[in-house]
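What follows is one structure encoded as structure tokens, with my remarks underneath.
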Amino acid sequence: MEMAIRRRLRIELLGIDCDPWRLCLAAFLPGILFSAVGCSGSGTESRESSSGPRPSAVGKSAKAESPELTAQVEAFCGACHGVPNPQSFPRSAWHEEVNKGFNFYFESGRSDLKPPPMVDVVNWFSSRAPKELPIPVQPDLPTSPKVSFRLTRLASADNLGQSNAAVASLAWRPLAKGKSEELVYCDMRMGGVGAIQPAVGPSSLRKLAQLENPCHAEICDLDQDGFTDLIVADLGTFLPQDHAKGRVLWLRGTSAGEYEHHVLLADVGRVADVEPADFDGDGDLDLVVAVFGWRQTGQVVLLENLSTKPGEVSFQKREIDPRHGAIHVPVADLDGDGRLDFVALFSQEHESIEVFLNQGEFRFRREVVYAGGDPAHGSTGIQLVDFDRDGDLDLLATNGDMFDTFYVKPYHGVRWLENTGGHPWKNHFLAELPGVHKALSGDVDGDGDLDVVAAVSIPETLASKQVRPDFDAVIWLEQISPGEFQRHSLLKGHGRFPSMELADFDGDGDLDVSIGSMRDDSQTPSIGVFWNDRISNATGG
């Protein structure tokens, strides 16, 4: 009865008939944004548009310009998040975007807002929108006399054992004490967790575990028994859903070099990240967990380690933040008080980066570092790093999510958030890069300062529509003077690289770049390495 009344109210308000929605199955990454125009307390996904009239505003009508309608739109569309920027979508897209927002409001159960007529809201947005989003013009990129790169295939469908793997994370870590590092990967589509030695090649790949949908792994000795363990964030499903299938798994290392599977957290939404750290200073490792969820599920939780002796683990779950959409939760002592803090990147309609400062006894004070503002901002990742070498930690951040509405967005890119001691941090936009999903910093050319390498992941849907052959898929931003960067293209075309690692894989003293793909073909390996052939350094010829 309640749903029938709500639907009848919706039809009266809109003056149209509403068709059922359907889920757009193309969106799947853990960091996906689903932009919302209305208010639902969550994001949205691509659905069928309503069958009502489609305003075709090519100019601003008197009503669309009226202060009264502007106030109504801002009140309704900004009640739960920032008011969407009309410039975020082309004019033709706003009927569907507004319809999604209205549908989410009515399905949310809220009744405290007064929606304006939908046709007026569509006109308000579309009259302010561009006819088409401008396709970014890729700059003419200079070549560097210092560094050249060779791309080689490290893993493919053949040695991964799956034709449609989706390598969601890469990490250069030692899997046993006293042993050399290996490149640890997670395949979020087919469930594999494995490791490979890049300098040896494809023959060194070995499978460590078969899970459901792992998307991130960290290395530690959780039970302090002397053997290295893996802590894995498992989404529970490849495609976004509201469910309770997400898990945190402990792959406990044994003396035989194998891994026992233990579930540390279950019955939660899609888990995107987990980070071990001793938050209460009692000598054991706790876990901070980003439960991305989807529309209704999701939260940030902390698992307090209650273990009393080596070889055993026991945890108490504590909710730190009830919001969905958390992608990453890297840990550090950000305020220098001796207690470990963490940073959380929230996507979905929140689009914010916030520090959680440890106040003791598992209490945290939140401070906003960066706010994207527009719910279509498309956050995809962060890295904690002292980028300007001034003694405090900054953030390298990317926004490049295209898996929500399938448009090449000219405002996607890489930014450095400078820690200035207050909040928010200072925003430095480093490079425009549509579809960017990962950026990492390191001294690529050996001249003593930090450069940036960034990789793109663009939906297959856009391959033949908006992505040109001259698009950058992987770039290197060379820092040529403090805060000034020169852009170099390492790979062009249709990038499908949600994961990347930057490390000296062959031990020759320079940084190489590994990329993980959601596609495997003659041009794109599942896991590839750009070998750094550095010719000179900052003082050489």
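From the set of residues in region 446-459 that are assigned to a strand (DSSP E or B) and over 14 Å from the mean Cα position of the chain (by Cα), which is farthest from Leu133 (Cα to Cα)?
First, the residues of region 446-459 that are assigned to a strand (DSSP E or B): 451-457.
Subsequent filtering for residues that are over 14 Å from the mean Cα position of the chain (by Cα) retains 451-453.
Numbers: Asp451: 30, Val452: 27, Val453: 26 Å.
Top of the filtered list is Asp451.
Starting from region 211-230, take each residue that is within 13 Å of Tyr259 (Cβ to Cβ) and hydroxyl-bearing (Ser, Thr, Tyr) and list its partners that are in a strand (DSSP E or B) and open to solvent by less than 10 Å² (accessible area, probe 1.4 Å), counting only C-beta distances under 9 angstrom and pairs at least six apart or across chains.
Thr228/Gly253
May I ask you to verify whether Glu275 is in contact with a Pro (Cβ under 8 Å, 6 or more places away or on another chain) and either at pLDDT below 95 or within 20 Å of Leu230 (Cα to Cα) (or both)? It would help to see each step written out before you state the result.
Numbers: in contact with a Pro (Cβ under 8 Å, 6 or more places away or on another chain): yes; either at pLDDT below 95 or within 20 Å of Leu230 (Cα to Cα) (or both): yes.
Taking the combined requirement at face value, the residue satisfies it.
Give me the pairs: first residue in region 443-458 and closer than 10 Å to Leu477 by Cα, second residue β-branched (Val, Ile, Thr) and outside any strand (DSSP E or B), beta-carbon distance under 7 Å, and six or more apart or on different chains, which are they?
Asp451/Val444; Val453/Val444
So, in region 209-255, exactly how many residues are among the aromatic types (Phe, Trp, Tyr) and either in a loop (DSSP other than H, G, I, E, B) or open to solvent by 30 Å² or more (accessible area, probe 1.4 Å) (or both)?
Taking region 209-255 first, the residues among the aromatic types (Phe, Trp, Tyr) are 227, 238, 250.
Adding the requirement that they be either in a loop (DSSP other than H, G, I, E, B) or open to solvent by 30 Å² or more (accessible area, probe 1.4 Å) (or both) leaves 227, 238.
Total satisfying the criteria: 2.
Which numbered condition in (1) modelled with pLDDT of 85 or more; (2) out of contact with any helix residue (DSSP H, G or I) (no Cβ under 9 Å at 6 or more places or on another chain) is the only one that Gln138 fails?
(1)
Name the one entry in Lys146, Lys131, Lys114 that is basic (Lys, Arg), open to solvent by 20 Å² or more (accessible area, probe 1.4 Å), in contact (Cβ under 8 Å) with a residue 12 or more places away in the chain and in contact with a strand residue (DSSP E or B) (Cβ under 7 Å, 6 or more places away or on another chain).
Details: Lys131 fails: in contact with a strand residue (DSSP E or B) (Cβ under 7 Å, 6 or more places away or on another chain); Lys114 fails: in contact with a strand residue (DSSP E or B) (Cβ under 7 Å, 6 or more places away or on another chain).
Only one candidate qualifies: Lys146.
For Leu340, work out the one condition from (1) closer than 15 Å to Ala277 by Cα; (2) open to solvent by less than 50 Å² (accessible area, probe 1.4 Å) it doesn't fulfil.
Condition not satisfied by Leu340: (2).
Tell me, yes or no, whether region 340-349 has at least one residue that is under 23 Å from Asn419 (Cα atoms) and modelled with pLDDT under 95.
First, pick out the residues of region 340-349 that are under 23 Å from Asn419 (Cα atoms): 340-347.
Within this subset, residues satisfying the condition of being modelled with pLDDT under 95 are 347.
Checked against the condition, which is being under 23 Å from Asn419 (Cα atoms) and modelled with pLDDT under 95, region 340-349 yields at least one hit.
Among (1) crowded, with 16+ Cβ neighbours inside 10 Å; (2) of a type in the set (Asp, Glu); (3) within 16 Å of Val184 (Cβ to Cβ); (4) over 24 Å from the mean Cα position of the chain (by Cα), where does Glu258 come up short?
Every listed condition holds for Glu258 apart from (1).
When Asp394 is evaluated against the numbered criteria (1) open to solvent by less than 20 Å² (accessible area, probe 1.4 Å); (2) at pLDDT below 95, which criterion, by number, is the only one it fails?
(2)
Where residues in region 414-440 are of a type in the set (Gly, Ala, Ser) and buried (at least 22 other Cβ atoms within 10 Å of the Cβ), which of them is nearest to Leu345 (Cα to Cα)?
Applying the first criterion (of a type in the set (Gly, Ala, Ser)) to region 414-440 yields 421-422, 431, 435, 439.
Next, from what is left, pick out any that are buried (at least 22 other Cβ atoms within 10 Å of the Cβ): 435, 439.
On the way: Gly435: 17, Ala439: 14 Å.
Once the filter is applied, the top-ranked residue is Ala439.
Is it the case that region 141-162 has a residue that's at pLDDT below 85 and basic (Lys, Arg)?
yes
Which one of these is farther than 23 Å from Lys438 by Cβ and among the aliphatic types (A, V, I, L, M): Ala195, Ala176, Ala166, Ala199? Steps first, please.
Details: Ala195 fails: farther than 23 Å from Lys438 by Cβ; Ala166 fails: farther than 23 Å from Lys438 by Cβ; Ala199 fails: farther than 23 Å from Lys438 by Cβ.
Result: Ala176 is the single residue among Ala195, Ala176, Ala166, Ala199 that is farther than 23 Å from Lys438 by Cβ and among the aliphatic types (A, V, I, L, M).
(1) surrounded by 23 or more Cβ atoms within 10 Å (Cβ to Cβ); (2) touching a helix residue (DSSP H, G or I) at 6+ places or on another chain (Cβ under 8 Å); (3) of a type in the set (D, E, K, R): which one isn't true of Arg519, the others all being true?
(1)
Can you name the condition, by its number, that Ala79 falls short on among (1) part of a helix (DSSP H, G or I); (2) surrounded by fewer than 23 Cβ atoms within 10 Å (Cβ to Cβ); (3) not acidic (Asp, Glu)?
Among (1) part of a helix (DSSP H, G or I); (2) surrounded by fewer than 23 Cβ atoms within 10 Å (Cβ to Cβ); (3) not acidic (Asp, Glu), Ala79 violates only (1).
So Gln316 clears everything in (1) under 26 Å from Leu450 (Cβ atoms); (2) part of a strand (DSSP E or B); (3) without any contact (Cβ under 8 Å) to a residue 24 or more places away in the chain; (4) not aromatic (Phe, Trp, Tyr) except one condition, right? Which one?
Checking Gln316 against (1) under 26 Å from Leu450 (Cβ atoms); (2) part of a strand (DSSP E or B); (3) without any contact (Cβ under 8 Å) to a residue 24 or more places away in the chain; (4) not aromatic (Phe, Trp, Tyr), the one that fails is (1).
So which residues in region 349-382 are over 20 Å from the mean Cα position of the chain (by Cα) and small (Gly, Ala, Ser)?
Across region 349-382, the qualifying residue is only Gly360.
The values are calculated or read from the model by the stated rules, or taken from the named source; none is laboratory data. In this text the structure is predicted, and so the values were computed from the model without any measurement. Ideal geometry is used to build each Cβ from the backbone, glycine not excepted, and the neighbour counts take in all protein chains shown. What goes into the accessible areas is simple: the full protein's heavy atoms, side chains included, and nothing from ligands, DNA or RNA. Shrake-Rupley method; radii C 1.70, N 1.55, O 1.52, S 1.80 Å.
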